[in-house]
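Let me begin by presenting the structure, written as structure tokens, before commenting on it.
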């Protein structure tokens, strides 16, 4: 169980000046309207700017007043914003006036996609038809009615010259999932990717990119969103409105989710915080700052993360719950080795959480995370007496909220606790069985899958082979029903492990033969290691020691290199997987049989290189020597290298050389960053706790 942090390139380095940039945008839109260039899109953008805040739109009003367009002056004077409360209605009325006066079909669609009373939308639609119906095609009328009635729409139905703007209106509507199916989102993404290769205006390209981001966001394609980062940031034509703050908050989430922390930090500092402050969105600003501290924490910049959290803590108007700030501050203190501050703030967080009676789900999760963190902390220092009351409090809280998933997770933690802390197999199994029931009832497939694997490992270890086989069959049934080939293969590997215990070589061979029927490319690294251990064990038991050595050696080399690059950011040490230890023990047994004493020493020396790597991988040392961008780049390189190592283990011989070349290339890039740390000695001792 891990501690829980509670949250919720060639670009200019200075934050945008909202006043100047918004004024420039307003003048650009006015000029486009004057030249009759993308007039509908420009009016929409101007209206978005003007409507974002009644208190600070004087610069937009001034630009309109100084223009030569009496039409614009009339619209924005007749429907002048007076208070924040009435602006939504006035924004709608400006759009309605513009659409009826100009016959703009794309503006009509934009209006009909908005969240307005049905009677109001019907009235606008009737007024528009009274004046412009003869100029509309039957396809346009059909599309307008589908939008108004919130019906499914296919991309082929949007067949007008303002296709990108209409698509934008539908994608950013609250009814987007009424309009488009999951399959249609894929079609839209393909269309947008193809369209961006064509000759379109800068304004259309900007709208296209925002369309692509929204369609990708709806389908959780965060890498695609990240790939559009530079274009989204560089575009000056999408209005710097309140809506942009919301859209870029989604972009920020996607960037953080996939580990693009450097880009996320740029977005937060240079756009989100300046704009949210300009529009006086205090809660949004505070949340972005909280996210910023989380990014810095994930990069190992604990001191910088702490400073942001302390500023939020000292802000009397902060909208972030004090208990959440206490918790996150405590984790920063922990990473900085400030043990007393860590425990002090974590206990204050608990006290604050217990005093705050907030019913919302987010606050419940904060409180639950605090109890879990204290359980982990006391358990980590060997104080089981103090640890248990907090996991019980977490359990009671989850029961009170009827949260089957969290209850299952808590019993899963307790199973690990009894197993690792006391080697108490009976109590561990009791907790695993309770967790299994809860995960099944909450239909949490992934956690149930992890739990069953852990349970099978335990049953095999204590020689409860009949019960292990029963659980394996359960896993195979679930895997077959879910078409989960990797889980099915893992079950076969477990059956092979049982056969090893029984010393049944024919059974081991039969399971290996069945596994070979399938592709191994989707197996996780640790599962692949288990498979190679199984095959090497069979060679060993058949006294084929040389074959076992040749077979296992590449796997062991990959384990060593992977471990050197996978030092935990929280501890600065590499985590020893059971599968890795099994591989080393098996190799030592093989080398002993072969009387390869020198080779045994070589492998033991390689183990030492992992510990050496843990020294320069210490997160505090790296954070003091590398920039945020370098830290973020190193994280990406590590992730890519680890994925390639997994591919390498399952690849055929023809593919391995190309994979090794790519691994070596990326490793060399990472070494350049590592050298900066190795060549720099820390100015003071790093904390060991």
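The values are calculated or read from the model by the stated rules, or taken from the named source; none is laboratory data. Every value quoted in this text rests on a predicted model; they were computed, and no experiment measured them. No Cβ is skipped: glycine too gets one built from the backbone with ideal geometry, and neighbour counts run over all protein chains shown.
Annotations for the structure displayed:
- Some residue of the stretch 392-402 being over 28 Å from residue 349 (Cβ atoms) and either modelled with pLDDT of 95 or more or assigned to a helix (DSSP H, G or I) (or both): no
- Residue ID - modelled with the lowest pLDDT, chosen from residues in the stretch 62-79 that are more than 14 Å from residue 28 (Cβ to Cβ) and surrounded by 19 or more Cβ atoms within 10 Å (Cβ to Cβ): 79
- Check on residue 473, crowded, with 17+ Cβ neighbours inside 10 Å and more than 26 Å from the chain's Cα centre (by Cα): no
- Hits in the stretch 429-447 (condition: buried (at least 21 other Cβ atoms within 10 Å of the Cβ) and under 27 Å from the mean Cα position of the chain (by Cα)): 435, 436, 438, 439
- Residue within the stretch 52-61 that is assigned to a loop (DSSP other than H, G, I, E, B), within 27 Å of residue 208 (Cβ to Cβ), out of contact with any helix residue (DSSP H, G or I) (no Cβ under 8 Å at 6 or more places or on another chain) and at pLDDT below 95 present: no
- Checked against (1) under 18 Å from residue 475 (Cβ atoms); (2) at pLDDT 95 or above; (3) not assigned by TED's automatic domain parsing to the domain that holds residue 454, residue 495 meets all criteria but (3).
- Filtered by the rule that a residue be part of a helix (DSSP H, G or I) and over 27 Å from residue 631 (Cα atoms), the stretch 221-274 gives 242, 243, 244, 246.
- Where residue 46 falls short, out of the listed (1) touching a helix residue (DSSP H, G or I) at 6+ places or on another chain (Cβ under 8 Å); (2) more than 19 Å from residue 234 (Cβ to Cβ); (3) at pLDDT below 90; (4) part of a helix (DSSP H, G or I): (3)
- Looking across the stretch 252-265, the residues that are over 9 Å from the mean Cα position of the chain (by Cα) and surrounded by 22 or more Cβ atoms within 10 Å (Cβ to Cβ) come down to 252, 260, 261, 263, 264, 265.
- Residue in the stretch 228-241 that is at pLDDT below 95 and within 15 Å of the chain's Cα centre (by Cα) present: no
- Where helices (runs of 4 or more DSSP H) fall entirely within the stretch 298-378, those with at least 2 residues that are under 17 Å from residue 396 (Cβ atoms) and either more than 22 Å from the chain's Cα centre (by Cα) or at pLDDT 85 or above (or both) are at 339-355.
- Of all residues in the stretch 33-43, exactly one satisfies the criterion of being under 17 Å from residue 23 (Cβ atoms) and either out of contact with any helix residue (DSSP H, G or I) (no Cβ under 6 Å at 6 or more places or on another chain) or modelled with pLDDT under 75 (or both), namely 34.
- Flag for residue 126 being touching a helix residue (DSSP H, G or I) at 6+ places or on another chain (Cβ under 9 Å) and either in the same structural domain as residue 169 (by TED's automatic domain parsing) or in a helix (DSSP H, G or I) (or both): no
- The conditions of being assigned to a helix (DSSP H, G or I), crowded, with 21+ Cβ neighbours inside 10 Å and touching a strand residue (DSSP E or B) at 6+ places or on another chain (Cβ under 8 Å) are met by residue 563.
- For the stretch 567-651, the helices (runs of 4 or more DSSP H) that sit wholly inside it and include 3 or more residues that are at pLDDT 80 or above and surrounded by 19 or more Cβ atoms within 10 Å (Cβ to Cβ) are 578-594, 628-650.
- The condition of being under 18 Å from residue 162 (Cβ atoms), modelled with pLDDT of 85 or more and over 38 Å from the mean Cα position of the chain (by Cα) holds for only one of 107, 102, that being 102.
- The single condition among (1) over 26 Å from the mean Cα position of the chain (by Cα); (2) buried (at least 17 other Cβ atoms within 10 Å of the Cβ) that residue 426 does not meet is (2).
- Residue 120 falls short on exactly one of the conditions (1) in a helix (DSSP H, G or I); (2) at pLDDT below 95; (3) closer than 25 Å to residue 25 by Cβ, and that condition is (3).
- Among the residues making up the stretch 22-43, a single one is surrounded by 17 or more Cβ atoms within 10 Å (Cβ to Cβ) and either at positive phi or assigned to a loop (DSSP other than H, G, I, E, B) (or both): 38.
- Within the stretch 380-400, residues that are exposed (fewer than 13 other Cβ atoms within 10 Å of the Cβ) reach no partner that is assigned to a helix (DSSP H, G or I) with beta carbons closer than 6 Å at six or more positions or on different chains.
- Residue count for the stretch 129-162 under the criterion of being within 17 Å of residue 195 (Cα to Cα) and either surrounded by 18 or more Cβ atoms within 10 Å (Cβ to Cβ) or not assigned by TED's automatic domain parsing to the domain that holds residue 38 (or both): the result is 2.
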